């Protein structure tokens with residue numbers, strides 16, 4: 001990153017053809033642990049352009065709308081300390097005519113939701129958008145869920161024209177994380193029964209904590225049956241491990257063990273073994289926990305801090 005940005009800064013007489021490296025670099029910075037570098041690079045290129053074209057009327061380099069999209073994403077980064085810069089970029093996008101583009105406006109919605117106390121500004125941008133896509137709706141639902149505004153997030157989900165798996169999963173996961181298992185399970189059941197979009201492995205991983213938190217073995221059986229029919233169990237070991245954990249935490253240690261034993265040893269990873277050992281320990285079955293621990297070592301897996 002540093003080498004590429006250095007090359008860009010050493011060639012101030014750039015044009016749109018030479019800026020092909022700039023947006024990918026800006027995007028990388030915006031997603032990095034130092035998102036402020038995205039703005040610094042943009043600012044430096046602006047200054048270099050100004051001084052090398054001071055005799056011309058053009059004051060800004062020929063940046064496109066995606067340049068400002070990535071800058072807005074940088075200002076939405078939780079580690080980025082300057083919301084005012086994002087507001088300034090908002091004004092600039094309007095001035096340059098990019099403010100009506102759906103991807104820029106979606107980034108603005110994300111910016112104001114990430115601020116926590118500027119939801120009204122996010123609603124205003126959203127309401128004034130001439131067009132919205134599924135990303136726009138998902139950004140709104142995700143932002144409101146992260147803020148704990150579940151009723152509003154749910155309302156947006158209900159009004160979303162074409163719901164996606166991300167829309168459903170975000171809210172299901174949000175309910176599960178704040179210990180609202182009933183709401184998560186109801187939403188998951190609706191998703192499975194009514195919508196054309198079906199759960200994916202991330203949805204399953206989101207709903208299982210709600211299932212064991214609710215303590216409903218029948219619901220655990222239902223989710224298990226669903227993932228078995230849809231093929232998640234043989235494909236994703238994370239789902240497999242989470243099901244073992246869910247059965248154990250629902251008080252069904254025998255179901256957890258049965259499922260664990262059905263998994264081919266070649267597919268089990270350290271988390272699989274650790275989950276089963278922890279399940280036995282949780283139920284006060286020390287002898288069984290030690291037995292599984294020894295089996296794990298026999299298969300060449302070394303215990304970690306959790307296992308020990």
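Nothing in this text is a laboratory measurement; each read-out follows from the coordinates by a stated rule. Fair warning: this is a prediction, and the values are worked out from it, not measured in the lab. Neighbour counts run over all protein chains shown; Cβ positions are idealised from the backbone, glycine included.
Things worth noting here:
- Here the spin labels are modelled as points 7 Å beyond Cα on the Cα-Cβ line, and at residue 95 and residue 179 they lie 5.0 nm apart.
- Highest-fluctuation residue, 166, 94, 239 considered, GNM on the chain with Cα pairs under 10 Å: 94
- Between 0 and 90 degrees, the angle of helix 201-214 with respect to the longest Cα principal axis of the chain falls at about 50 degrees.
- Highest-fluctuation residue, 230, 67, 164 considered, GNM on the chain with Cα pairs under 10 Å: 230
- Rounded to the nearest 500, the 222 nm mean residue ellipticity of the chain from helices alone is -21500 deg cm²/dmol, with -39,500 (n - 2.57) taken per DSSP H run of at least 4 residues.
- Inter-label distance for residue 229 and residue 117, nm, one decimal - labels placed 7 Å from Cα along Cα-to-Cβ: 4.9 nm
- The length gained on full extension between residue 131 and residue 158, counted as 0.36 nm times the residue separation minus their Cα-Cα distance, comes to 7.9 nm.
- With both labels modelled 7 Å from their Cα along Cα-to-Cβ, the residue 299 to residue 124 distance reads 5.8 nm.
- Relative to the globular-protein estimate of 2.2 N^0.38 Å, the Cα radius of gyration of the stretch 56-186 stands at 1.14.
- The three principal axes of the C-alpha atoms in the chain carry coordinate ranges of 82, 45, 31 Å, sorted with the longest axis first.
- Degrees separating the helix 102-114 axis from the principal Cα axis of the chain, which is the longest one: 70 degrees
- Average projection area in nm² (convex hull over Cα atoms of the stretch 155-301, one quarter of hull surface): 8.8 nm²
- When the Gaussian network model of the chain links Cα atoms closer than 10 Å, the mean-square fluctuations of 210, 246, 196 top out at 196.
- Mean Cα-pair separation over length for the chain, i.e. relative contact order, pairs under 8 Å, 6 or more apart, %: 8 percent
- Relative to the longest principal axis of the Cα atoms of the chain, helix 270-282 runs at roughly 50 degrees.
- In plain terms, the chain from residue 221 to residue 254 could stretch by 10.6 nm, reckoned as 0.36 nm per residue minus the Cα-Cα distance.
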